[in-house]
Amino acid sequence: MINGGLLFVVAGYILWEAIGRFRNPPSVASTGMLVIAVLGLVINLISMRLLKAGSGTSLNVKGAYLEVWSDMLGS
């Protein structure tokens with residue numbers, strides 16, 4: 001019961017902060033965000049290249065390859 005109540009309190013706080021950000025949106029550090037996004041994309045492409053070789057022989061490697069593939073598409 002305490003866990004459920006705490007979840008409601010945290011959800012209320014998040015909602016309160018979201019409404020505040022809609023009213024007064026903060027500025028976005030777009031340069032830093034773009035650098036991190038490009039770095040993540042490059043790392044995902046390297047990971048895909050490394051996992052591609054073993055994706056045909058191992059089901060685990062194929063699962064990891066598909067996970068990195070979907071993460072790359074999200075980037």
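For (1) small (Gly, Ala, Ser); (2) farther than 19 Å from Ser70 by Cβ, each residue gets a yes or a no:
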{"site": "Val10", "(1), (2)": "no, yes"}
{"site": "Trp16", "(1), (2)": "no, yes"}
{"site": "Asn24", "(1), (2)": "no, yes"}
{"site": "Ser27", "(1), (2)": "yes, yes"}
{"site": "Met33", "(1), (2)": "no, yes"}
{"site": "Leu39", "(1), (2)": "no, no"}
{"site": "Val42", "(1), (2)": "no, no"}
{"site": "Met48", "(1), (2)": "no, no"}
{"site": "Ser55", "(1), (2)": "yes, no"}
Could you list, ordered by first residue, the pairs with Cβ atoms under 6 Å in which the first is in the range 53-67 and without any contact (Cβ under 8 Å) to a residue 40 or more places away in the chain and the second is surrounded by 12 or more Cβ atoms within 10 Å (Cβ to Cβ) and not in a loop (DSSP other than H, G, I, E, B), at least 6 apart or interchain? Gly54/Val61; Ser55/Val61; Ser55/Lys62; Ser55/Tyr65; Val61/Leu51; Ala64/Leu51; Tyr65/Leu51
Of these, Gly40, Gly56, Gly32, Gly12, which one is loosely packed, with under 10 Cβ neighbours inside 10 Å, out of contact with any Gly (no Cβ under 6 Å at 6 or more places or on another chain), not polar (S, T, N, Q) and not in a loop (DSSP other than H, G, I, E, B)? Gly32
Kindly provide the set of residues from the range 59-75 that are aliphatic (A, V, I, L, M) and either under 18 Å from Leu39 (Cβ atoms) or open to solvent by less than 80 Å² (accessible area, probe 1.4 Å) (or both), ordered by number. Val61, Ala64, Val68, Met72, Leu73
If you go through the range 15-27 one residue at a time, do you hit one that is open to solvent by less than 100 Å² (accessible area, probe 1.4 Å), under 25 Å from Ser75 (Cβ atoms) and not in a helix (DSSP H, G or I)? yes
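The values are calculated or read from the model by the stated rules, or taken from the named source; none is laboratory data. Not measured: the values here are computed from a predicted model. For neighbour counting, all protein chains shown are included, and Cβ atoms are generated from backbone atoms with ideal geometry for every residue, glycine included. Remember, those area values only see protein heavy atoms, side chains included, never the ligands or the DNA or RNA. Shrake-Rupley method; radii C 1.70, N 1.55, O 1.52, S 1.80 Å.
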